[in-house]
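Structure first, then comments.
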Amino acid sequence: MAIDDKRSRSAWRRAGRIVCALAALVAGACASSAGAAPFEDTMAQRVLACTGCHGREGRAGPDGYYPRIAGKPAGYLFNQLRNFRDERRHYELMNGLLALLDDAYLREIAGYFAGLDLPYPPPLAAAGSAELRARGEALVRRGDPARSLPACNDCHGAAMTGRAPFVPGLLGLPRDYLNAQLGAWRTGQRRALAPDCMAEVARKLAPEEIGAVSAWLAAQPVPPHAAAASDAGAALPLPCGGVAATAPNAPGGAGR
Amino acid sequence: MKRARAALALGIVAVLCAVSIALVVWANRDDAGEPAAPTALDAAALVARGEYLVRAGSCFGCHTEPGGAPYSGGRAIETPFGVLHAPNLTPDATGLAAWTSDDFWRALHNGRSRDGRLLYPAFPYPNYTRLARADSDAMFAYLKSLAPVANANRPHALRFPIDQQAALAVWRALFFRPARFEPDRDRSADWNRGAYLVETLGHCNACHSRRNVFGATAGPLDLAGGLIPVQNWYAPSLYDNREAGVGEWSAADVIALLKTGISPRGSVQGPMAEVVARSTQFLNDADLAAMATYLRALPGAGAEPSAPQEAPAAPSERGAKLYADHCAGCHGEQGEGVAGAYPALAGNRAIAITPPSNLVHIVVRGGFLPTTAGNPRPFGMPPFATVLADRDIAALLSHVRASWGHRSPAVSTLEVSRTRGAAQR
């Protein structure tokens, strides 16, 4: 069903592109908006409100600030949608768009984007010194036991492609975005359901360590079909409100 | 002689002051209103009735913070006079734990808190004063049934002298009297029920009426439309069929709009989307039909615009290009839209309304219709805040307001900037 859907969508899109190309040849003009394809009663049509910023099919916006949402784990996306709606995360346009959407629809939107398996672009050229990136890699792979700082890999998977359904992958994200998110977690600007494990981790990181981690992560290629590993049952080093398995009594958000 | 005159003048002033103070005090006296009467409902039915009425009264929107426990208060309400914080309505010590149903009735009917303080009319007691006592008691029973949530009330941050109880007393002397709902014997029971829901419980005029410099509306019966302060959304007139009047709509379309957020004649946006999501979608069909009866019977507007209109905008190449690039994909090259998904812009009265601030809000912020039982998977529009500059939005909207038969005034860049400022507060 979902596959048929996807096929017919891409068929439509191909058809749309051909028509567009022909029209461009004939009239020298073609609407650039993503909605130029014929109307379909599908999720892809419904989430044009999202892809305006997050890029076609949620592959990420052009400026490095709107992250890729395609292929992220469904539980993670659902939690982020709820966090924006309930203003634990702050970005006015997201807060406003989601304010009046209920959990059922947010779950469907999350499931839609989670189900997209699209290739990633190659990583951008490595930024920062080799020494900085080495420091970042050490933190990602080993953390710092002396400070009880867990390794990124402990939760986000050995391949850093995430753990379904709640823990996102860390690859394929721009350095600016990673810096902004870790910084926001550190200052309390970005929050998750309590207990907020990422806030705890980010507060242990010095600003230059955040820079190191982001520089190294952003330079890593994403393996093909980088689906999140499905070892959700494995223990996490910290209790996380957003991960159902570690927080059985986590509040369910505003049940509307 | 001079001295005697001065003394006389002073005396007159003193007497005038004393009389004014006496008048203000007199105007602020409590009205006992209806006494409590035993209810025929058992406890569970009373709570269920109360929940229904609390929803019909749109209490959630102010008394709940985003992501917070329902009715636990804390939401900041910005007004031209400063910021008010809606109090906690759950039965915690920081909320209504110590309140009785008489206290609650006094708050709704007289606008006075349990401790005797006068309440600010951001709490719509100028409307709620007409509630039936039985409804007040049911609402109170529901709030008392909620799980207590500890959330201490935050003090309001109002400007001087608005922050003074004496100033509020003067405001009330001028603009508020306790009242009761008087049914119109010449109208049907249906119409009267609709009047009660629209004027009293739903407090529709809190938005759909112009406010004077003192923040007062022309009363719960005025629904002539107004700009919502601070937010800068325009709540259109419910009289005028060129704005949001429904005199020419079928009852079914009015009911669909209030129940699902979308109807063949239009859909809800901005603050009204919130009203549908939090309130009217939960009303039963009989009450929605009553509201439709009342709204459809409101006096319509005359054929001529009440104020002289500015010259209509002219279509522009730049506006047409922006429309083709960003809008036509969904709304259609001729503004025809897609039924059930993307509103038609041709023939859409929301396009033509002046002030055009709602159009600016919609382009800047985008939005989904609210999820409702009747429209659980709404379509959405992306925000253009990061895509279009103020002058682009002005050109685009001016073009749309001059296309497909629209003949509305142009939208200036200044107007866009002002509204965008409000949108991105």
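When A:Cys20 is tested against the conditions (1) surrounded by 14 or more Cβ atoms within 10 Å (Cβ to Cβ); (2) facing another protein chain (nearest Cβ under 9 Å); (3) modelled with pLDDT under 75, the lone failure is (2). Every condition in (1) within 14 Å of chain B (Cβ to nearest Cβ); (2) more than 21 Å from A:Asn179 (Cα to Cα) holds for A:Gly115 except the one numbered (1).
Residue-by-condition table, conditions (1) at pLDDT below 95; (2) under 26 Å from B:Cys204 (Cα atoms); (3) surrounded by fewer than 18 Cβ atoms within 10 Å (Cβ to Cβ); (4) not assigned by TED's automatic domain parsing to the domain that holds B:Tyr120:
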residue	(1), (2), (3), (4)
B:Leu8	yes, no, yes, yes
B:Ser20	yes, no, yes, yes
B:Gly68	yes, yes, no, no
B:Pro80	yes, yes, yes, no
B:Val83	no, yes, yes, no
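Residues that are touching an Asp or Glu at 6+ places or on another chain (Cβ under 6 Å) and under 27 Å from B:Ala32 (Cα atoms) within segment B:113-159 comprise B:Arg114, B:Arg133, B:Tyr142, listed in sequence order. Every listed requirement among (1) under 22 Å from A:Ala180 (Cβ atoms); (2) not assigned by TED's automatic domain parsing to the domain that holds A:Gly52 is met by A:Arg142 save one, (1). Checking each residue in segment A:82-107 for being facing chain B (nearest Cβ under 7 Å), assigned to a helix (DSSP H, G or I) and of a type outside the set (A, V, I, L, M, F, W, C) picks out A:Glu92, A:Gly96, A:Tyr105. Remark: pairs (first residue in segment B:269-281, more than 11 Å from every other protein chain (Cβ to nearest Cβ); second residue crowded, with 23+ Cβ neighbours inside 10 Å and in a helix (DSSP H, G or I); Cβ separation under 6 Å; 6+ apart in sequence or on different chains) = B:Thr280/B:Leu258. Among the residues examined, B:Asp30 does not qualify as surrounded by fewer than 15 Cβ atoms within 10 Å (Cβ to Cβ) and over 30 Å from the mean Cα position of the chain (by Cα).
Can you find even one residue in segment B:41-50 that is away from chain A (no Cβ under 14 Å), over 30 Å from B:Asn212 (Cβ atoms) and outside any helix (DSSP H, G or I)? There is at least one residue in segment B:41-50 that is away from chain A (no Cβ under 14 Å), over 30 Å from B:Asn212 (Cβ atoms) and outside any helix (DSSP H, G or I). In segment A:38-49, the residue that is farthest from the other protein chains (Cβ to nearest Cβ) out of those that are part of a helix (DSSP H, G or I) and under 12 Å from A:Leu116 (Cβ atoms) is A:Ala44.
Residues being of a type in the set (D, E, K, R) and more than 22 Å from B:Arg49 (Cα to Cα): count how many of those fall in segment B:124-156. Full working, then the answer.
Start the filter on segment B:124-156 by keeping residues that are of a type in the set (D, E, K, R), which leaves B:130, B:133, B:135, B:137, B:144, B:154.
Going one step further and asking which of them are more than 22 Å from B:Arg49 (Cα to Cα), we end up with B:154.
Number satisfying all stated conditions: 1.
Scanning segment B:378-406 for residues that are away from chain A (no Cβ under 13 Å) and in a loop (DSSP other than H, G, I, E, B) turns up B:Ala389, B:Arg401, B:Ala402, B:Ser403, B:Trp404, B:Gly405, B:His406.
Scanning segment B:359-377 for residues that are assigned to a helix (DSSP H, G or I) and under 20 Å from B:Gly332 (Cβ atoms) yields B:Leu359, B:Ile362, B:Val363.
If we scan segment B:191-210, do we find a residue that is in contact with a helix residue (DSSP H, G or I) (Cβ under 9 Å, 6 or more places away or on another chain), surrounded by fewer than 16 Cβ atoms within 10 Å (Cβ to Cβ), small (Gly, Ala, Ser) and not assigned by TED's automatic domain parsing to the domain that holds B:Ile162?
Within segment B:191-210, the first condition is being in contact with a helix residue (DSSP H, G or I) (Cβ under 9 Å, 6 or more places away or on another chain), and the residues that meet it are B:191-207.
This time we only want the ones that are surrounded by fewer than 16 Cβ atoms within 10 Å (Cβ to Cβ), so: none.
Among the residues of segment B:191-210, not one is in contact with a helix residue (DSSP H, G or I) (Cβ under 9 Å, 6 or more places away or on another chain), surrounded by fewer than 16 Cβ atoms within 10 Å (Cβ to Cβ), small (Gly, Ala, Ser) and not assigned by TED's automatic domain parsing to the domain that holds B:Ile162, which makes the answer no.
Can you tell me which of B:Leu143, B:Leu119 is in contact with a Phe, Trp or Tyr (Cβ under 7 Å, 6 or more places away or on another chain) and under 25 Å from B:Ile162 (Cβ atoms)? Walk me through it before giving the result.
Working: B:Leu143 fails: under 25 Å from B:Ile162 (Cβ atoms).
Just a single option satisfies the conditions, and that option is B:Leu119.
Any chance segment A:243-250 includes a residue that's modelled with pLDDT under 90 and within 14 Å of chain B (Cβ to nearest Cβ)?
Filtering segment A:243-250 down to residues modelled with pLDDT under 90 leaves A:243-250.
Of the ones still in play, those that are also within 14 Å of chain B (Cβ to nearest Cβ) are A:250.
Looking through segment A:243-250, at least one residue is modelled with pLDDT under 90 and within 14 Å of chain B (Cβ to nearest Cβ).
Among the residues of segment B:216-235, just one is in contact (Cβ under 8 Å) with a residue 40 or more places away in the chain and within 13 Å of B:Gly300 (Cα to Cα), namely B:Leu223.
When A:Ala70 is tested against (1) of a type in the set (A, V, I, L, M); (2) in contact with a Gly (Cβ under 7 Å, 6 or more places away or on another chain); (3) under 29 Å from B:Ala69 (Cβ atoms); (4) more than 12 Å from chain B (Cβ to nearest Cβ), just one condition goes unmet, and that condition is (3). The set of residues in segment A:89-128 that are more than 19 Å from A:Ala74 (Cβ to Cβ), without any contact (Cβ under 8 Å) to a residue 24 or more places away in the chain and in contact with a Pro (Cβ under 8 Å, 6 or more places away or on another chain) comprises A:Asn95, A:Gly96, A:Ala99, A:Leu100. Each residue in segment B:257-268 was checked for being more than 13 Å from every other protein chain (Cβ to nearest Cβ) and either surrounded by fewer than 22 Cβ atoms within 10 Å (Cβ to Cβ) or of a type in the set (Ser, Thr, Tyr) (or both), and 5 of them qualify.
Report, by residue number, each residue of segment B:1-38 that is in a loop (DSSP other than H, G, I, E, B) and under 30 Å from B:Phe175 (Cα atoms). Spell out the reasoning first.
Of all residues in segment B:1-38, those in a loop (DSSP other than H, G, I, E, B) come to B:1, B:28-38.
Answer for segment B:1-38, where residues must be in a loop (DSSP other than H, G, I, E, B) and under 30 Å from B:Phe175 (Cα atoms): B:Asn28, B:Arg29, B:Asp30, B:Asp31, B:Ala32, B:Gly33, B:Glu34, B:Pro35, B:Ala36, B:Ala37.
The values are calculated or read from the model by the stated rules, or taken from the named source; none is laboratory data. Given the structure is predicted, the values throughout are model-derived calculations rather than measurements. Neighbour counts run over all protein chains shown; Cβ positions are idealised from the backbone, glycine included.
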